[in-house]
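Novice: Let me begin by handing over the structure; questions about it come next.
The values are calculated or read from the model by the stated rules, or taken from the named source; none is laboratory data. For clarity, every value in this text was computed on a predicted model and none was experimentally measured. Here the Cβ is made from the backbone with ideal geometry for all residues, glycine too, and neighbour counts use every protein chain on show. To get the accessible areas, we keep the full protein, side chains included, count just its heavy atoms, and leave off ligands, DNA and RNA. Shrake-Rupley method; radii C 1.70, N 1.55, O 1.52, S 1.80 Å.
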Amino acid sequence: MLIRLCMLESAMWADLPQIREDRGPGGRSRPALPGPALLTSATQLALCTGVAYAALFYLPVPRGYWIALTVALVMKPDLGSVFSRAVLRSVGTVAGAAIAVLVGLVIDGPAATAVVIGIVAAFLPWGMARSYLWQAIFMVPLIMWLINLVAPAESLRTLSEARLSTTIIGGLIVIIFGYLIWPSMRRPQIAREFNRALTALASYAKVVADGAAPAQVTASRRDTYRKLADTRVHLQRNLSEPPPAGADAWSWIPVVAGAERVADRITAASASRTPTSGDDIAAVAATLETLSHGVTPASGHLGQRTPTPPSHGGQAADPSVREMADELAHLGSMLTRGGPSQPEAR
């Protein structure tokens, strides 16, 4: 038992020297510099927030602070498309405000209102899991009824009108200053993210083919899967964007999935108990490098290049090599058919 614990401890802390090398003089990890995507997102949020506060001070709108609140909630970068969230929140607010007013005309008294609040609140988790539209539909009447219970001096109609006007103003601010004036938002560079992931994948295959040290293989594998995950996240955020960005994002789904399967095959070959031929992995690395050079951020597709899988991969005795060659051939065929998107043709 002690021997197994020692082996487990060795496996868990094998990369400790490398981790210590990445730390600063005080033992603290060095902070990473923000990337262009983070800076762009922060600039968009700052601009939209500034316009929202300007609207708060210069527009005669009751409860104008709801404008900045709408901007902050819609501009959260971890919830997908900014454009679709602004539209869905506006539509959901209109429907929710109408429900709040209509129900307020029927029910009377705090007890009846509390019962209705409990019923609607029970459906809120379902709406949040369903879509952003349903979340707004259930959330808006709840807020209106709760405010009406706490401050009954204001009528539900007045609260609903204020909520409706501030949400529409906030949505317009997000659409104009957080989406329309930024060309990169309408043409997301998925090809650039995929090219980085494909370059890391080629480097990973080369490291495995060269029989590098386990620590180097582990670092390359983590970098590859991290870039593939970043590409997948970037892709998911743009699926609900209006055309052409949304259509381009949907066309990239099978390509990104093919690259992920190739990465899994390389990982399986590197972790196999039976050693895989280094020449086969090297041929895969060369083909991936050719693919990465073909997918350019400007074009988004391969142009005239026609990369092929290793000629001896399909006849290899090792089934993992054959599966890897098949996945690579499938990935190459998807890219050589003209690519997932061709922005220059529009």
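Novice: Given (1) in contact (Cβ under 8 Å) with a residue 60 or more places away in the chain; (2) out of contact with any Gly (no Cβ under 7 Å at 6 or more places or on another chain), where does CYS48 come up short, assuming only one miss?
Specialist: (2)
Novice: Hey, among the residues in the stretch 182-196 that are open to solvent by 90 Å² or more (accessible area, probe 1.4 Å) and at pLDDT 80 or above, which one's farthest from LEU235 (Cα to Cα)?
Specialist: Filtering the stretch 182-196 for residues open to solvent by 90 Å² or more (accessible area, probe 1.4 Å) gives 187, 192, 196.
Right, trim to at pLDDT 80 or above and you get 192, 196.
Values: ARG192: 11, ARG196: 14 Å.
Checking each candidate, the answer is ARG196.
Novice: The conditions are (1) surrounded by fewer than 22 Cβ atoms within 10 Å (Cβ to Cβ); (2) among the β-branched types (Val, Ile, Thr); (3) touching a Cys at 6+ places or on another chain (Cβ under 9 Å), and VAL87 fails exactly one of them. Which is it?
Specialist: The failed condition is (3).
Novice: Would you check if there is a residue in the stretch 229-240 being farther than 16 Å from LEU328 by Cα, modelled with pLDDT under 70, surrounded by fewer than 20 Cβ atoms within 10 Å (Cβ to Cβ) and touching an Asp or Glu at 6+ places or on another chain (Cβ under 8 Å)?
Specialist: No, that holds for no residue.
Novice: Could you list, in sequence order, all residues of the stretch 134-154 that are open to solvent by 30 Å² or more (accessible area, probe 1.4 Å) and in contact (Cβ under 8 Å) with a residue 12 or more places away in the chain?
Specialist: So in the stretch 134-154, the residues open to solvent by 30 Å² or more (accessible area, probe 1.4 Å) come out as 134-135, 138-139, 143, 146-154.
Listed by number, the residues that qualify are TRP134, GLN135, PHE138, MET139, ILE143, LEU146, ILE147, ASN148, LEU149.
Novice: Next up: If VAL140 meets every condition in (1) at pLDDT 90 or above; (2) farther than 24 Å from LEU59 by Cα apart from one, which number is that one?
Specialist: Of (1) at pLDDT 90 or above; (2) farther than 24 Å from LEU59 by Cα, only one is false for VAL140: (2).
Novice: So, GLN342, is that one open to solvent by 50 Å² or more (accessible area, probe 1.4 Å), modelled with pLDDT under 75 and under 28 Å from the mean Cα position of the chain (by Cα) or not?
Specialist: Numbers: open to solvent by 50 Å² or more (accessible area, probe 1.4 Å): yes; modelled with pLDDT under 75: yes; under 28 Å from the mean Cα position of the chain (by Cα): yes.
Spelling it out, GLN342 is indeed open to solvent by 50 Å² or more (accessible area, probe 1.4 Å), modelled with pLDDT under 75 and under 28 Å from the mean Cα position of the chain (by Cα).
Novice: Do we find that LEU291 is in contact with a Pro (Cβ under 6 Å, 6 or more places away or on another chain), at pLDDT 70 or above and surrounded by 22 or more Cβ atoms within 10 Å (Cβ to Cβ) in this structure? Spell out the reasoning first.
Specialist: Values: in contact with a Pro (Cβ under 6 Å, 6 or more places away or on another chain): yes; at pLDDT 70 or above: yes; surrounded by 22 or more Cβ atoms within 10 Å (Cβ to Cβ): yes.
Against the criterion (in contact with a Pro (Cβ under 6 Å, 6 or more places away or on another chain), at pLDDT 70 or above and surrounded by 22 or more Cβ atoms within 10 Å (Cβ to Cβ)), LEU291 qualifies.
Novice: Has the stretch 136-150 got any residue that is closer than 30 Å to LEU328 by Cα, part of a helix (DSSP H, G or I) and β-branched (Val, Ile, Thr)?
Specialist: There is no residue in the stretch 136-150 that is closer than 30 Å to LEU328 by Cα, part of a helix (DSSP H, G or I) and β-branched (Val, Ile, Thr).
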